[in-house]
Amino acid sequence: MNVKSKPMNKAIKSGYVSKFKLQWKDLDSETYHNHVSIELPRHNIESQSIEESINFLCNCLKKAATVAVPSKIIKLKGPQFKASPTTLTLLKISKEKYQLWKSHVKKNDHLKTDKILAQRNLRKQLRKEQFLDRTQFYNKLMDNPSNDMFHTLIRRNRGSRNKDAICIMENGKHHYSATDQTNSFSRYFEDLTVPKDNGYDPEFLDLCNIRHNIFDELCKQSSNEPQFSFQNICDAIQQLHSGKATDELGLAAEHF
């Protein structure tokens, strides 16, 4: 059944945001069931289209999950980076110098000079550790390449904190900017999706498309809507895979 659903387009906020994950193992089944039972009678399915009814059902399930399923923070707000004991010490000194300068009404005296010097030492140490971290990562990537390292490199290039890789070579060409490297990865994955097996049968695909179009036309011409039993729906739900990511509507298999 083809349904035209409008996914939610959330505005991407700048900076870091907190992320939560629903803990379905701690689900309060009674609360979830009661919330759905109260919400469903408020919708008149006879006077609404299929798209409107499905959107209402999706929102109902998400609201019930918000009420009955506890969530766990998987990413806190703010930047996270590895700090060495030296960096932590310099960070503490920098904060103390700033608070001391602030307590003296931020005068332009030796306290301000001490604060600036402490901040410079902190930034110098951070740049040094970040350089060593990038160097070690690239050396490890070249010596022992793996899928995990490959995806880590992609996340680094797409991130806002980390700098892009030094260079990526594609067919003899060197890519230095993050945009060129991203396009190179895009072409690589596009090449992976192209079927290269000699046993691939494009005629079978065309036949499937013809059957789908015929079935679609028959459904439009027929006044009898397809009937689904309660057991059909239960069997379909049982075949869903749990523990997977949500779809574009924010629903997972656990919602159903």
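The values are calculated or read from the model by the stated rules, or taken from the named source; none is laboratory data. Given the structure is predicted, the values throughout are model-derived calculations rather than measurements. So basically every Cβ, Gly included, is an ideal-geometry build from the backbone, and we count neighbours across all protein chains shown.
Would you mind telling me which numbered condition in (1) within 33 Å of the chain's Cα centre (by Cα); (2) acidic (Asp, Glu); (3) assigned to a helix (DSSP H, G or I) Glu248 fails?
(3) is the only condition that Glu248 fails.
Which one of these does Arg187 not meet: (1) basic (Lys, Arg); (2) more than 26 Å from Lys21 (Cα to Cα); (3) outside any helix (DSSP H, G or I)?
(3)
Checking Leu141 against (1) loosely packed, with under 14 Cβ neighbours inside 10 Å; (2) assigned to a helix (DSSP H, G or I): exactly one of these is not met. Which one?
(1) is the only condition that Leu141 fails.
Hey, does region 3-18 have a residue that's closer than 26 Å to Gly243 by Cβ, modelled with pLDDT under 85 and over 20 Å from the mean Cα position of the chain (by Cα)?
yes
Of all residues in region 57-93 being modelled with pLDDT under 90 and among the small types (Gly, Ala, Ser), which is surrounded by the fewest Cβ atoms within 10 Å (Cβ to Cβ)?
This residue is Gly78.
Looking only at region 109-137, how many residues end up being surrounded by 15 or more Cβ atoms within 10 Å (Cβ to Cβ) and over 20 Å from Tyr98 (Cβ atoms)?
So the answer is 4.
Within region 213-228, does at least one residue satisfy the condition of being free of Cβ contacts under 8 Å to residues at least 24 places away in the same chain, among the acidic types (Asp, Glu) and exposed (fewer than 10 other Cβ atoms within 10 Å of the Cβ)?
Yes.
Can you run down the residue pairs with Cβ atoms below 6 Å, 6 or more apart or on separate chains, where the first is in region 119-147 and modelled with pLDDT under 85 and the partner is not charged (D, E, K, R)?
Listed pairs, sorted by first residue: Leu141/Met149.
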